[in-house]
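Engineer: First the structure, then my questions, so here it is.
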Amino acid sequence: MKNLLFLLLSCFVLQATAQTKLTAAQWQEDLRFLQSTVHKDYSFLFVKTTKEIFDSEVENLYRNIPNLEDHEIIVGMSRIIALFEYGHTGISFDQKPFEFHYLPFNLYEFNDGVFLQGVHKDYQKALGAKVIAINKVPISDALKRILPVVNAENDQYFKAYGINYLRIPEVLHAQGITDKLKNSVKLTLEKDGKTFTQSFTSLEKGEKVPTKYGHVFNDENWLSPRDETGTPLYLKHLDKLYFFEYLPEEKTVYVRHSQIQDDLEEDTPSFYARVFDFIENNEVEKLVLDVRLNGGGNNYKNKTVITGIIESKKINKAGSLFAIIGRRTFSACQNLVNELDNYTNVTFVGEPTAENINFYGDTRTVPMPNSKIPVYLSFAWWQDKPVWDNKDWTMPNVRVDMSFKEYSTNQDPVLDAALNFSGSDFKPDPMKYITETYMAGKMEELAQEVPKMVKDPRYSFFDFETELSKTAYLLLNSGRTAQIEAGIQVFSFVTQLFPNSPNTWKNLGEAYLKAGDKNKAIELLKKTVSMDEDGSIGKNAKELLIKINEVKN
């Protein structure tokens, strides 16, 4: 009887195992399901890629499936979904029985390289080392190889959320960083002036590296290179979604807000009521709102923050309100950043955000029929900015990042930059200032102030030539006489600001051509050619001159 029970149990286990192993035809069926679902219900996602490219990649993978291992197929599907370049839209690597493995380290890219920000205690020697190569592939090349797998909204998203695909052996193999799937991967490292190699063995299936807001912290099994005898403000009280602290020497209230959700101990309105009550009743000259760790949540919780700032005359002015943004600022927090930009006098400090200014978010989970692997497809379009202002990210007014040494010794150059920034005359949104001044007819003020701003290093974040030219083209392409004349005025202003740029003169020539003044257009295009005889701009101007002459003849 025992032998019979054992035999039946063995058959059951074998049958269950067989059921989890999909045939090539079943994987192909999953892929076709994904393809048809996207075309039928999510065709609006074809913004940064085309249906033709998407279908071509599907066909390539479909043909190759019989020759691929399961993990290679899943990574291939991830490459296809990553074509959309929306951070919310991706595929799961953690669906049983197909979940991937993870190597026992955490990577972070500082301004001086990629470092091991955290490791399992068994690899203490490697803690804080700079990564030179993975399986002899230089780190820069390794990053390029995994990029196509990551549903990266922009470069910052990849820095924050994509870089650690390098700790997944299945991805390393599928992307050619290792020649076969291995549970051990060798890194070339540099530490204390010495270069050495270290092999890392992957964790048990389903076990992950314990990170919080992208960082490993010391515990009984994991090590951080940061001196944890002290803690910088942005890493304090991470058990709370938000907290504030008064900095008396700087007369500044510092708020770290790490999720757009209500904290269990105090809801968002109550917390910010305390913050603004403190500001109004104490000697406060600045508010620093730190959202560099904030990956989003419920953007309906943003209203309290924005209205509180707007109502605070003490804070809502240039030089008094700062927001720290960074590579993890994403999703509903991008909405918060947009609203700060739209409605307050904020100065942004730090790194660019991880989200497009306008973006697709809010996903539906679509499980594939055979593997049951969930695909997350975005359906909600969030647009806080005009459609022509769909930048890749929010760029800080004061760009500051961090070195590994600064991190490991608890320095915070980003907060320091906010605390030390001065200038009540600073205009956080130069384009808004220029537009409003122009609409008010204050041409003399524009003529005096904008040239100063162009030379002022505080405005290095803003590309005056490009942004003014974009505005001029919008006016020019409206087709209305008054708008075309306004476009010519703007282009003329740009030539005054950047007289040595051949592109400004070409643009002005095109504007006069649009207005029907061919003689003036020819004069300006000839000037462009003389400034850039052998360059692409000069070539473009020559082509325009040829077309004008053909029409004349």
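Each reported figure results from applying straightforward, stated rules to the coordinates on display, with no laboratory input. Keep in mind the model is a prediction, meaning the values are calculated, not measured. Positions of Cβ are generated from backbone atoms using ideal geometry, with glycine treated the same way; all protein chains shown enter the neighbour counts.
Engineer: Straight distance only, please: which lysines reach the Cα of Lys452 with their own Cα at less than 18 Å, same-chain residues fewer than 8 apart left out?
Structural biologist: Within the straight-line limit of under 18 Å, Lys452 reaches these lysines: Lys427, Lys432, Lys442.
Engineer: So, one more: Which length gain, in nm to one decimal place, applies between Ser56 and Asp416 when the Cα-Cα distance is subtracted from 0.36 nm times their residue separation?
Structural biologist: Contour length minus the Cα-Cα distance gives 124.7 nm.
Engineer: Taking neighbour Cβ counts within 10 Å as the exposure measure, how do Glu249, Glu523 sort from fewest upward?
Structural biologist: With the fewest neighbours first, Glu249, Glu523 line up as Glu249, Glu523.
Engineer: Go through region 117-171 and name the trypsin sites (Lys or Arg not before Pro) that are in a DSSP coil and have 16 or fewer other Cβ atoms within 10 Å of their Cβ.
Structural biologist: Here the trypsin sites (Lys or Arg not before Pro) that fit, given the DSSP loop and packing criteria, are Lys136.
Engineer: While we're on this one: Mind listing the Cα extents of region 463-552 along all three principal axes, in Å, largest one first?
Structural biologist: Reported extents, whole Å, longest axis first: 31, 30, 16.
Engineer: Relative contact order of region 317-372, please, whole-number percent, based on alpha carbon pairs below 8 angstrom and at least 6 residues apart.
Structural biologist: 44 percent
Engineer: Which one, Gly361, Phe348, Asn397, projects farthest toward the positive side of the charge dipole computed for region 341-413 from Cβ point charges (K/R +1, D/E -1)?
Structural biologist: Gly361
Engineer: Also, I was wondering about something else. Report the per residue volume, in Å³, of the convex hull enclosing the C-alpha atoms of region 378-466.
Structural biologist: 165 Å³
Engineer: Right, here's the next one. To the nearest 500 deg cm²/dmol, what mean residue ellipticity at 222 nm is calculated for the chain from DSSP H runs of n ≥ 4 alone, each contributing -39,500 (n - 2.57), summed and divided by the residues?
Structural biologist: It comes out at -12500 deg cm²/dmol, rounded to the nearest 500.
Engineer: Moving on to the next point. Tell me whether the chain comes out rounded, prolate or oblate; compute the Cα gyration tensor, take square roots of the eigenvalues as a ≥ b ≥ c, and use a/c under 1.5 as the rounded threshold.
Structural biologist: oblate
Engineer: Please list, ordered by chain and number, the residues whose modelled amide H lies under 5 Å from the amide H of Asn358; skip anything fewer than 5 residues away on the same chain.
Structural biologist: Residues meeting the criterion, in which the H sits 1.01 Å from N, are Lys391.
Engineer: What is the chain's relative contact order, in percent, from Cα pairs under 8 angstrom and six or more apart in sequence?
Structural biologist: Computed value for the chain: 11 percent relative contact order.
Engineer: When the Karplus curve 6.51 cos²θ - 1.76 cosθ + 1.60 is applied with θ = phi - 60°, which whole-Hz ³J(HN,Hα) does each residue of region 451-456 get, with x for Gly and Pro?
Structural biologist: My calculation for region 451-456 gives x, 5, 5, 4, 8, 7 Hz in order.
Engineer: Let me ask something additional. Provide Ile134, Ile73 in ascending order of the number of other Cβ atoms located within 10 Å of each residue's Cβ, fewest first.
Structural biologist: Lowest to highest Cβ neighbour count: Ile73, Ile134.
Engineer: So who's got an amide H within less than 5 Å of the one on Ile324, skipping anything under 5 residues away but keeping other chains? H placed 1.01 Å off N, in plane.
Structural biologist: Leu289, Asp290, Val291, Val349
Engineer: State whether region 105-203 is rounded, prolate or oblate according to the following rule on the C-alpha gyration tensor (a ≥ b ≥ c being the square roots of its eigenvalues): a/c under 1.5 gives rounded; otherwise a/b larger than b/c gives prolate, and the remaining case gives oblate.
Structural biologist: Since a/c reaches 1.5 but b/c is at least a/b, the shape of region 105-203 is classed as oblate.
Engineer: Taking +1 at the Cβ of each Lys and Arg and -1 at the Cβ of each Asp and Glu, which of Ala472, Asn335, Val75 sits farthest along the dipole of the chain towards its positive end, judged by Cα position relative to the Cα centre?
Structural biologist: So the residue furthest toward the plus end is Val75.
Engineer: Same structure, new question: For Val375, enumerate residues with amide H under 5 Å from its amide H, sequence gap 5+ or separate chain, H modeled in the peptide plane.
Structural biologist: Distant-sequence amide H within range of Val375: Val366, Met368.
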